[in-house]
Amino acid sequence: MDALPKAIALGWGKLYMTVPEFREAFRHAMSAVDRLPPKLVERGRSLDFPPLHHACLRGDVELVRGLLEAGIGPNSYPFTEDETDEPPLIWLITADTLNTDTKVAVASLLLEFGADVEEGEALAFAMQSSDEAFAKYLRDATQR
């Protein structure tokens, strides 16, 4: 699959052509979106890159599960070479528009699929966030 046209359309063309790790992550993510169950494909295609990260930001539990089941790793990095080059759990922590229950639902899926709360220093970052209940959930999850 040549994902270059999609990368260009989403504004990622330069990174796609110059950074092999980004190119591989982009291709893998787009392939995973194509493998989603039919009822989720259009929602997956509507997301910017990286789709798992954006599904986490939206609190879309069903889509997060679908993307994880389609093979996107719960600790995946987008290789964007900027401040957003973090694993999905970090993006979720920054989702200030989501309530704690939604964050917990998404995080529990990420953890079920093997997310590491130490990856990207997610636990430390959560402890500094304004959502104390979510930070406590992540801390407690490390002790199970």
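The table below gives the values:
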{"quantity": "Fewest-first ranking of 93, 8, using other Cβ atoms within 10 Å as the exposure measure", "calculated": "8, 93"}
{"quantity": "Karplus-derived 3J(HN,Hα), 6.51/-1.76/1.60, for each residue of segment 88-104, Hz, glycine and proline x", "calculated": "x, 4, 5, 4, 4, 4, 7, 6, 5, 7, 8, 7, 4, 4, 5, 4, 5"}
{"quantity": "Vicinal HN-Hα couplings computed from phi for segment 40-53 (Karplus, 6.51 cos²θ - 1.76 cosθ + 1.60; Hz; Gly/Pro x)", "calculated": "10, 4, 5, 4, x, 5, 6, 7, 6, 7, x, x, 4, 4"}
{"quantity": "Max mean-square fluctuation residue, GNM over the chain, Cα-Cα springs under 10 Å, options 106, 19, 41", "calculated": "19"}
{"quantity": "Charge dipole magnitude, Cβ of K and R +1, D and E -1 - segment 55-98, Cα centre, debye nearest 20", "calculated": "240 debye"}
{"quantity": "Residue with peak Gaussian network fluctuation, the chain [Cα springs, cutoff 10 Å], from 101, 82, 60", "calculated": "82"}
{"quantity": "Nearest-20 debye value, the chain charge dipole, Cβ charges on Lys, Arg, Asp, Glu", "calculated": "520 debye"}
{"quantity": "Lys/Arg +1, Asp/Glu -1 at C-beta; the chain dipole; positive extreme among 51, 40, 84", "calculated": "40"}
{"quantity": "Percentage relative contact order, the chain, counting C-alpha pairs under 8 Å, at least six apart", "calculated": "18 percent"}
{"quantity": "Euclidean distance of C-alpha centroids, segment 13-88 and segment 101-128, integer Å", "calculated": "17 Å"}
{"quantity": "Neighbour net charge for residue 141 - beta-carbon separation under 11 angstrom, K R +1, D E -1", "calculated": "0"}
{"quantity": "Calculated from backbone phi, Karplus (6.51, -1.76, 1.60) coupling profile of segment 55-60 in Hz, x at Gly/Pro", "calculated": "5, 4, 4, 7, x, 7"}
{"quantity": "Net +/- balance of residues flanking residue 27 in space, Cβ distance below 14 Å, scoring K and R +1, D and E -1", "calculated": "-1"}
{"quantity": "Most mobile listed residue (87, 78, 37) in the chain, GNM with C-alpha springs under 10 Å", "calculated": "37"}
{"quantity": "Proximal lysine pairs, the chain, alpha carbons under 24 Å, eight or more residues apart or interchain", "calculated": "4"}
{"quantity": "Kirkwood Rh, Cα atoms: Rg over Rh of segment 1-112", "calculated": "0.95"}
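Every number here is computed from the coordinates shown, using simple stated rules; none is lab data. Note that the coordinates shown come from a computational prediction; the quantities given were computed from them, not determined experimentally. Note: ideal-geometry Cβ built from the backbone for every residue, glycine included; neighbour counts use all protein chains shown.
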